[in-house]
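Written below as structure tokens is the structure these notes are about.
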Amino acid sequence: MGIYSCIGKNLEEVNRSLYEGKSGIGVDPMRKEYGYRSPLTGIVERPQLKGTLDRRLRIGLAEEGEYAYMATLEALRTAGIDMDYLEKNEVGIFYGNDSSAKAVIEAHNIAVEKKDTTLLGSGAIFQSMNSTVTMNLSTIFKLRGVNMTISAACASGSHSIGLGYLFIRQGLQDVVLCGGAQETNHYSMGSFDALSAFSIRIDDPAGASRPFDAGRDGLIPSGGGASLILEDYDHALKRGATIYAEVTGYGFSSNGMHISQPSDVGCAIAMERALTDAGIAPSDVDYVNAHATSTPQGDMFEAIALDRIFGASQPLISSTKSMTGHECWMAGASEIIYSTLMMQNSFVAPNINFENPDEYSRKLNIADKTVEKNIDLFLSNSFGFGGTNSALVVKKYKA
């Protein structure tokens, strides 16, 4: 696993932030200047790649590609995979990301000003394509297996892991790099802000993201990069890999209704399919990492679905978006890493800012503070615009 986010630039920093319930949300002055209704965002430091990565390879990396590169470096290191292994073995990639707004807008501005497209530079096309992350990472790390970008809104990172899991289970690949990345610059979220989707609790950035709380008033955009190395079990044992956890279930669904309104039925179907695929009952789940983004409708529909599935067993539930904000195309991957860190270190991270439950969330067992708990099995939800739903079941590895 590897992570680069607003709550830490590596696994150790992120684990500490999760345990302490530390928020990574702040105010972006550029958003104010640009005309945002809400300047709140997850604050992610841009990595300095000069001296780390050759200029010829850096030139095609969009912002989200830089985050994905940093996360992948850590993921490969923790997986014990070096360039010699990558050159001699076939490794695939499924990565969730959006197209790069910054690259497109900056290229457009040059063309408008200079009236000459030859001045855009060679990196413009590779930074702006929707497959920018996979094309760059596959080139940098010499990946020669399956190579696909998963663009399924805010379920993209989760679906990438689900597809990696299916490809390995079918014997099509032994090792797949999976993940999600999201840019955080002010160009990337203007249209969301125009929908009044963001919290305007500007005087209290750390308290603005309030999943399941009755006082929630919108999500906080965020981003970064999250990478996971999925591997066939026997293949991992043979090369002596350190195994952190096992993906045992993947469920998906499409609401097939309104383009932006969520559905409790669609959420529930994805969770039910993941549980069935894993061969477990709801009572076997120790922890649920909820999708809950801090929007009035989204949290309500998910709470209804969670109560339908887990009402009798009452596992601990929290939304790490209370600390990170909504990492969008990255979230489904990063939240698997957050939950796996909790499982490794026997705690449930808090759903911070959960002060007053509403009529739906009061039926759930939401952790409003850090809970010391052994986690053997968790479920993670990811839902996105267009009604795309994904749920993953992950189990603690026991040799």
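Bear in mind these aren't lab numbers, they're just calculated from the coordinates by the rules spelled out. Owing to the predicted nature of the structure, the values given are computational and were not obtained by experimental measurement. Methodologically, a virtual Cβ is constructed for each residue, glycine included, from the backbone with ideal geometry; neighbour enumeration extends over all protein chains shown.
Here are some notes:
- Listed from fewest to most Cβ neighbours within 10 Å, the set Ile125, Ile43, Ile7 follows the order Ile125, Ile43, Ile7.
- Segment 161-267 - charge dipole about Cα centre, Lys and Arg +1 at Cβ, Asp and Glu -1, debye rounded to 20: 140
- Remark: segment 249-396 carries a charge dipole of roughly 180 debye about the Cα centre, counting +1 on each Lys and Arg Cβ and -1 on each Asp and Glu Cβ.
- Dipole-positive endmost among Ser156, Ala197, Pro211 within the chain (Cβ charges, Cα centre): Ser156
- Segment 249-396 - Debye-derived log10 I(q)/I(0), Cα point model, q = 0.10, 0.11, 0.13, 0.16 Å⁻¹: -0.28, -0.34, -0.49, -0.77
- CD proxy at 222 nm, helix term only [per DSSP H run n ≥ 4: -39500 (n - 2.57); per residue of the chain; nearest 500]: -10500 deg cm²/dmol
- Segment 2-238 - Kirkwood radius from inverse mean 1/r over Cα pairs (Å): 18.9
- Residue ranges 247-258, 180-191, 297-308 sort as 180-191, 297-308, 247-258 when ordered by packing (mean number of other C-beta atoms within 10 Å per residue, highest first).
- Alpha-carbon centroids, segment 77-129 and segment 250-269: separation in whole Å: 31
- Estimated distance in nm for a label pair at Ile200 and Leu172, the labels positioned 7 Å out from Cα along Cα-to-Cβ: 4.7
- Here is the result for segment 317-399: no chymotrypsin sites (Phe, Trp or Tyr not before Pro) lie in DSSP coil with at most 13 other C-beta atoms within 10 angstrom of their C-beta.
- Neighbour cut-off at most 14 other Cβ (10 Å), DSSP loop, trypsin sites (Lys or Arg not before Pro), segment 1-95: Lys50
- Rounded to 5, percent antiparallel among DSSP beta bridges of the chain: 65
- Fewest neighbouring Cβ atoms within 10 Å first, the residues Tyr165, Tyr34 line up as Tyr34, Tyr165.
- As a rough footprinting exposure proxy, the listed residues Lys142, Lys395 were ranked by other beta carbons within 10 Å of their own, and the order from fewest upward is Lys142, Lys395.
- Given charges at beta-carbon only (K, R positive; D, E negative), |dipole| of the chain in Debye: 560
- All Cα pairs of the chain, percent lying beyond 34 Å: 23
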